[in-house]
1. Of all residues in the range 97-125, count the ones that are open to solvent by less than 50 Å² (accessible area, probe 1.4 Å), closer than 14 Å to residue 138 by Cβ and in contact (Cβ under 8 Å) with a residue 40 or more places away in the chain.
2. Does residue 127 satisfy the criteria of being modelled with pLDDT of 95 or more, closer than 22 Å to residue 166 by Cβ, outside any loop (DSSP other than H, G, I, E, B) and in contact with a Leu (Cβ under 8 Å, 6 or more places away or on another chain)?
3. Considering the range 159-174 alone, what residues qualify as being surrounded by fewer than 18 Cβ atoms within 10 Å (Cβ to Cβ) and either modelled with pLDDT of 95 or more or under 13 Å from the mean Cα position of the chain (by Cα) (or both)?
4. Filter the range 154-178 down to residues that are polar (S, T, N, Q) and part of a strand (DSSP E or B) and give me whichever is farthest from residue 97 (Cα to Cα).
5. Among the strands (runs of 3 or more DSSP E) contained in the range 1-56, which hold 2 or more residues that are open to solvent by less than 20 Å² (accessible area, probe 1.4 Å) and of a type outside the set (Phe, Trp, Tyr)?
6. Can you name the number of the only condition in (1) surrounded by fewer than 20 Cβ atoms within 10 Å (Cβ to Cβ); (2) in contact with a Leu (Cβ under 9 Å, 6 or more places away or on another chain) that residue 140 fails?
Amino acid sequence: TSLEASPGRVAGLPPVRAVAVGKGYMLALTQDDRVFAWGGNAAGQLAQGHLHPVALPVPVTFPERIAAVAAGASHALALTSAGDVLAWGSNNRGQLGSDAVKFSTKPMPVALPERAQAIAAGMYFSLALGNSGAVYAWGWNHLGQLATGDREDRVTPTVVPGLAKVHAIAAGQAHAAALA
């Protein structure tokens, strides 16, 4: 591999409307609601059904159109146009919303109590903004980034207490923010 010192166009991508960057991998959401992935893939974060890195963008297969993508260190999220959340990649802290697998090389549904309107991914944790304005958090909570009042990891989505009528969410490496 070589390093690029200046911006350049990524070959093989149709027009893109959003990107998400994880640790050594990238996701692109195209204008026609498709997702492409490339880069490192040690935990299946490219959603290709294998663990091999991919140098050029490859399409990710979803059952429906995708409205948004988010990338954590080695896990990723997608929000479908219907408001469902899908997750794949590493699950070492429960960031996929389930304790059933160690990692997933294919998108798997996250069981939320309502449809979502936005998603965000931190290093090892995930967030979803429900249509009601409630925020749901799951995964790594060592530094209290899930805002649940403790430091216990959550393997399933948990409503963040004290937040209502939230309009936007964001996640950093080990912290999160909400716009209410």
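1. Number satisfying all stated conditions: 10.
2. no
3. Scanning the range 159-174 gives 159, 161, 165, 167, 168, 170, 172, 173, 174.
4. Initially, the range 154-178 is screened for residues polar (S, T, N, Q), giving 156, 158, 173.
Adding the requirement that they be part of a strand (DSSP E or B) leaves 156, 158.
Values: 156: 4, 158: 10 Å.
For the range 154-178, the residue satisfying everything is 158.
5. The qualifying strands (runs of 3 or more DSSP E) are 25-30, 35-39.
6. Condition not satisfied by residue 140: (1).
The values are calculated or read from the model by the stated rules, or taken from the named source; none is laboratory data. Note that the structure is predicted; figures quoted are calculated from it, not measured. Counting neighbours? That spans all protein chains shown, and the Cβs are built from the backbone with ideal geometry, glycine included. Heavy atoms of the whole protein, side chains included, go into the accessibility calculation; ligands, DNA and RNA do not. Shrake-Rupley method; radii C 1.70, N 1.55, O 1.52, S 1.80 Å.
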